[in-house]
Amino acid sequence: MEDETNGLIHLYHGPGKGKTTAAVGLCVRALGHGQTVTLLQFMKGTGNEVNQYGEVQLLMSLDDAVVKQFPTGHAQSADALSDAEQEGLNSALDIATETLGDGQSDLVVLDEILTLHSIGVIDEQRLLAVLQSKADSVELVITGREAPTGVIDMADYVSYIGSVKHPFQRGISARVGIEY
């Protein structure tokens, strides 16, 4: 029987809206119970706090939450990233490895880390190595559209979030407070 003090791994993946929302909801729940949270966002963010996602603004204002973003826009392939962006993402992976391994946060979210694999920035082995660096006490959430088999096998919770219908299909743009 596994020790109940060991953190588990949550995977929220698929083409539907709500993966980051679910991860942030778990952050709020953990914070509400006095736990510490670190949210690392890959491929998201503007680097300008005025334009941050609403959930990021809120989490940044809380003492027990740390938010770090590694913005690159919405690149569709590793080739679309500048050398500086590629270097930044590699540094971000080192930060993720250190954060998971040091056990200082009760909950760590690696938001859109799966995108780094999907667009070819990292291979599955590097992704798994980052995840395997997790200290036993850390609860980990991983998000992104496409999850490789090794990540699915490693995760304790696997939630697939599909897309049946979305207002974007009717020409409705992203709305403040709902999509960001």
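The values are calculated or read from the model by the stated rules, or taken from the named source; none is laboratory data. Everything numeric in this text was worked out from a predicted model, so none of it was measured. Methodologically, a virtual Cβ is constructed for each residue, glycine included, from the backbone with ideal geometry; neighbour enumeration extends over all protein chains shown. Heads up: the accessible areas ignore ligands, DNA and RNA and are worked out on the full protein's heavy atoms, side chains in. Shrake-Rupley method; radii C 1.70, N 1.55, O 1.52, S 1.80 Å.
Quick look at the values:
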{"item": "Highest-fluctuation residue, Ser163, Ser77, Ser137 considered, GNM on the chain with Cα pairs under 10 Å", "result": "Ser163"}
{"item": "Residue-by-residue Karplus 3J(HN,Hα) for region 15-21, coefficients 6.51, -1.76, 1.60, Hz, glycine and proline x", "result": "x, x, 6, x, 5, 5, 4"}
{"item": "Volume per residue that the Cα convex hull of the chain spans, once the total is divided by residue count, Å³", "result": "125 Å³"}
{"item": "Positive dipole terminus of region 1-152, leading residue within Ser105, Ala129, Thr149 (C-beta point charges)", "result": "Thr149"}
{"item": "Cross-link partners of Lys68 among lysines (Cα-Cα below 21 Å; sequence separation of 8 or more within a chain)", "result": "Lys19, Lys44, Lys134"}
{"item": "Heavy atoms of Ile9: accessible area, 1.4 Å probe, square angstrom to 10", "result": "10 Å²"}
{"item": "Check: region 44-135 dipole with +1 on Lys, Arg Cβ and -1 on Asp, Glu Cβ, in debye", "result": "120 debye"}
{"item": "Largest-first ordering by accessible area, 1.4 Å probe, given options Thr143, Thr115, Thr21", "result": "Thr21, Thr115, Thr143"}
{"item": "Dipole in debye (nearest 20) - the chain, about Cα centre, beta carbon charges: Lys, Arg +1; Asp, Glu -1", "result": "1000 debye"}
{"item": "Relative contact order of the chain, defined on C-alpha pairs under 8 angstrom at six or more residues apart (%)", "result": "37 percent"}
{"item": "Where Arg29, Arg126 fall by accessible area, highest first, once all protein chains stay in place (1.4 Å)", "result": "Arg29, Arg126"}
